[in-house]
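Take a look at the structure below.
The values are calculated or read from the model by the stated rules, or taken from the named source; none is laboratory data. All values reported here derive from a predicted model rather than from experimental measurement. Neighbour counts run over all protein chains shown; Cβ positions are idealised from the backbone, glycine included. These area figures cover heavy atoms from the full protein model, side chains too; ligands, DNA and RNA do not enter into them. Shrake-Rupley method; radii C 1.70, N 1.55, O 1.52, S 1.80 Å.
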Amino acid sequence: MLNFGRTRAQPRSNRSISLGGMDYSDPKRKNNVVGKILLAATLTALCIIMLKQSPTFYSPSPFSLHEEGVIHVLVTGGAGFIGSHAALRLLKDGYRVTIVDNLSRGNIGAVKVLQELFPEPGRLQFIYADLGDPKTVNIIFSQNAFNAVMHFAAVAYVGESTMDPLKYYHNITSNTLVVLEAMAANDVKTLIYSSTCATYGEPEKMPITEVTPQVPINPYGKAKKMAEDIILDFSKNSNMAIMILRYFNVIGSDPEGRLGEAPRPELREHGRISGACFDAARGIIPGLKVKGTDYKTHDGTCIRDYIDVTDLVDAHVKALEKAMPGKVGIYNVGTGKGRSVKEFVKACKKATGVDIKVDYLPRRPGDYAEVFSDPSKINLELNWTAQYTDLQKSLQTAWRWQKSHQNGALPWSNLEWVYEAPKESIEEAARVTRF
């Protein structure tokens, strides 16, 4: 068989030639390496020249620019239940939105849903960051042209706050101070603050009005009131437009089924009663635990004012629209009607079609017997009225989403894309993804 391969009588010479104990480089090989280096440098220079000639090379991010007719809203906690619904409404209404969330309670799946709904450049960006880091927060504010802040980010479980109060004072009170300082330093003029009826504690008289004395009885309510006090003190020497919304117990989900509530599994025991009802209906937990049957109410269980998340978000948007420089507005956001826990459980059974097992247990620390709002002020001044007031229908809407998202918006373990990085720039310090 003929061999057409090239053969050598002697092996190829080495990289250097040894003469008299001295090494001399092969001049042909040296010239070849130098040529490759020169070629690579030339190509790199050409690429840089071509990029600089591109009209988009020096174009700043739209999120860093103030544009006429465009209102850029920072939504802190925008991957959470309420914050994601607020971001959805803002995007639908034509606002530019930046979400900042550390995903300790929020769900990246909600952000992905919003990304898919609003993929156009300059509409939505997500920044993975912790508001407890002042340096990072200042970078975010300095590199983005915010017109307003909707501050939702907070841990928000009464029971957990009694077990770990320092977490709540850090997360709620301290972080609000960091946000407020960054707003002042970067001339952001509008704040919509997400507060709570827990600041009122257990008032002697119902319904609760905005002038009802604030005497919180748990660390969650105390931390929120401290944050409010900081905001109000700052406002006395500021021209900032401030709206504080104290809302009651949130239920429901997006009527079109795009978003819902998906708390971390390990936090379910601290979560809302609606989540516990749905978990019981789906068999995730053996039954529903009702804590406290000896309160001074008509059936012995707590009475709460249940507000649908769609109505709550509408109140925030109306507050943003009505915010005035140098003015502070404080509003209760509720239906004005209280329902007992037993009434809630009955409605949940009808909404899910499941005869949920109920265990009645002793009271939970920090709870109060009866809380419901007088929404007259927000009705009058912001032209806001709750529209989704049928408890069973709100629960049915949320139940549909729960059934179609058995693992939540996205499994909690699927966060491999989140990475640690050195803090030299906003992309690294805040681990930002722009959509």
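Data table
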{"read-out": "Inter-label distance, nm, simple model (7 Å from Cα along the C-beta direction), residue 163/residue 289", "value": "0.9"}
{"read-out": "Cα gyration tensor, the range 63-103 - rounded (a/c under 1.5), prolate or oblate", "value": "oblate"}
{"read-out": "Ordering of 65-71, 163-169 by burial proxy (mean other Cβ atoms within 10 Å per residue, highest first)", "value": "163-169, 65-71"}
{"read-out": "Proximal charge balance of residue 290 [Cβ under 12 Å; K/R count +1, D/E count -1]", "value": "+2"}
{"read-out": "Cα Rg, Dmax (largest Cα-Cα span) when computed across the range 328-369, Å", "value": "14.9, 47"}
{"read-out": "Percent RCO, i.e. relative contact order, over the range 188-305, from Cα pairs under 8 Å lying at least 6 residues apart", "value": "23"}
{"read-out": "Calculated FRET value between residue 337 and residue 67, using beta carbons and R₀ = 45 Å, to 0.05", "value": "0.60"}
{"read-out": "Length released on extending from residue 387 to residue 104, taking residue separation times 0.36 nm less the Cα-Cα span", "value": "98.8 nm"}
{"read-out": "The range 262-378, relative contact order in percent, only Cα pairs under 8 angstrom and at least six apart counted", "value": "39"}
{"read-out": "Approximate spin-label separation residue 45-residue 299, in nm, with each point projected 7 Å along Cα-to-Cβ", "value": "8.2"}
{"read-out": "Apportionment of accessible area to carbon and sulfur, the range 264-363, percent (1.4 Å)", "value": "49"}
{"read-out": "Cα gyration tensor shape of the range 88-189, rounded if a/c is under 1.5, else prolate or oblate by comparing a/b with b/c", "value": "oblate"}
{"read-out": "Nitroxide proxy distance, nm - points 7 Å out along Cα→Cβ at residue 264 and residue 115", "value": "2.1"}
{"read-out": "Estimated FRET transfer efficiency (residue 355, residue 406; beta-carbon r; R0 22 Å; 0.05)", "value": "0.60"}
{"read-out": "Segment residue 37-residue 206, extension gain: residue separation times 0.36 nm, minus the distance between their alpha carbons", "value": "52.8 nm"}
{"read-out": "Cα gyration tensor shape for the range 170-273, rounded if a/c is under 1.5, else prolate or oblate", "value": "oblate"}
{"read-out": "Modelled FRET efficiency - R0 41 Å, residue 369 with residue 59, Cβ distances, 0.05 increments", "value": "0.10"}
{"read-out": "Antiparallel bridge percentage (DSSP; both residues within the range 228-343; nearest 5)", "value": "20"}
{"read-out": "Cα-Cα separations in the range 236-355 greater than 20 Å, expressed as whole percent", "value": "55"}
{"read-out": "Full-extension gain in nm, residue 237 to residue 321, via 0.36 nm per residue minus C-alpha separation", "value": "28.0 nm"}
